[in-house]
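Working notes, beginning with the structure itself.
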Amino acid sequence: MPLALSKAHVEQYKDQGWLSPLDVLTQVETTKARSELAAFEAEHGPLAKRVERSRAYLPFVWVDQIMRKPLLVDMVEDLIGPNILCWNAIFWIKEPGAGSFVGWHQDVAYWGLDNRELVTVWVALSNASEQAGCMSVLPGSQHQTLDHSETYDPANLLTRGQHIQDIDPADTVAMPLQAGQASFHNVATAHGSGPNNAEDRRIGLSLHYMPTHTRQTLADWDSAAFIRGEDHFQHFDHAPRPKRDLDPEVMAYHARSADSLRRIVYSGADTSRTTL
Ligand SMILES: O=C(O)CCC(=O)C(=O)O
């Protein structure tokens, strides 16, 4: 029996490569996360332009707590088994009217991982309606390898402005979410999102969980948060857990971890951005 999902959910994920919407955070947890984010930005400026946006389980205790929430990890275990690492936790923030979007892409093409088992849990910290530029997926695409054009369009939030051409909107499914809900998609499921034309910011926290047997092929050293089960493989250095936000020792590790991530996601790219 699955721990937290229904058998129908597990079957849909296997066949279609996505699930949505699922309730993962309470209103209290969502409000707290949003006010922690606002407090950070009041002092340091927009998170979207800062390196703490990535591997965000290191700078922020509250991200570490969301990532380890038992209900959420139970759902992940239902999809990828009991031995779990979290490779990245990354914020996707689209300001209203800014025109930024995320081109259609398959993450598996850029992350250097040696299998297609990683699941992304995209947690909405604000309402992500279609008007606000919620994500859409191409169901079943997790079984395919699609060609990406690398446009370096600055409005495209992806590292290389990558984009899969010729996806017919009629074949895609939008995944609107209320704050506190999450969508799940496989590392090879093609996905993207349009601009935010709503009045509020669209804030997503994307959590990338993978089984401990996964290997990194684009770097000799990479790190991940150890979440649950056993890690007999030790392919990834286990990231320290923060006891307080922006702890200098943990931030020194974050600098190394973010540097490794940068080398991986920009491997072979023409140019790189400073914020990942
Ligand atoms: O937030 C978005 O619209 C895209 C996020 C994304 O590409 C991801 O979580 O893998």
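The values are calculated or read from the model by the stated rules, or taken from the named source; none is laboratory data. Keep in mind it's a predicted model, so treat the numbers as computed, not measured. A quick note on method: Cβ atoms are made from the backbone with ideal geometry, for glycine too, and the neighbour counts reach across all protein chains shown. For the accessible areas, the whole protein counts, side chains as well, though only heavy atoms, and no ligand, DNA or RNA atoms are used. Shrake-Rupley method; radii C 1.70, N 1.55, O 1.52, S 1.80 Å.
Using only the Cα atoms, work out Rg/Rh for the chain, with Rh taken as the Kirkwood radius, to two decimals.
On the way: Rg = 17.2 Å, Rh = 18.7 Å.
Using only Cα positions, Rg/Rh for the chain is 0.92.
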Here the gain from full extension of Ile167 to Gln234, 0.36 nm per residue of separation minus their alpha-carbon distance, amounts to 20.3 nm
With the 1.4 Å probe rolled over protein heavy atoms, the chain has an accessible area per residue in Å² of 43 Å²
When the chain is treated as a Gaussian network with springs between alpha carbons less than 10 Å apart, the largest mean-square fluctuation among Ala198, Ala170, Ala124 is found at Ala170
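How would you classify segment 51-159 from its alpha-carbon gyration tensor, with a ≥ b ≥ c the square roots of the eigenvalues: rounded for a/c under 1.5, else prolate if a/b is greater than b/c, otherwise oblate?
On the way: a/c = 1.62, a/b = 1.17, b/c = 1.39.
Taking the square roots of the gyration eigenvalues as a ≥ b ≥ c, segment 51-159 is oblate.
In the neighborhood of His44, defined by Cβ-to-Cβ distances under 13 Å, what is the net charge if each Lys or Arg adds +1 and each Asp or Glu adds -1? Before the final figure, lay out the partial values.
Numbers: positive: Lys49, Arg50, Arg53; negative: Glu36, Glu41, Glu43, Glu52, Asp245.
My count for the surroundings of His44 gives -2.
Using the membrane-span-like helix rule (whole DSSP H runs, Cα extent along the own axis of at least 24 Å, mean Kyte-Doolittle hydropathy at least -0.5), which helices of the chain qualify?
Numbers: long enough: 27-44 (25 Å, -0.74); 248-265 (25 Å, -0.23).
Both cut-offs are met by 248-265.
At a threshold of 8 angstrom on Cα-Cα distance, excluding pairs fewer than six apart, so keeping six or more, what relative contact order does the chain reach in percent? Write down the numbers at each step before the final one.
On the way: 605 pairs, mean separation 83.3, N = 276.
30 percent.
Before anything else, pin down the relative contact order of segment 1-127: Cα pairs under 8 Å, at least 6 apart, normalised by residue count, whole percent.
Working: 73 pairs, mean separation 38.1, N = 127.
For segment 1-127, the relative contact order is 30 percent.
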Rg/Rh of segment 106-248 (Cα atoms, Kirkwood Rh), to two decimals, equals 0.98
Of every Cα-Cα pair in segment 57-112, the percentage lying beyond 13 Å is 74 percent
Of segment 232-262, those with amide N under 16 Å from the point 7 Å along the Cα→Cβ vector of Glu36 are 240-248, 250-251
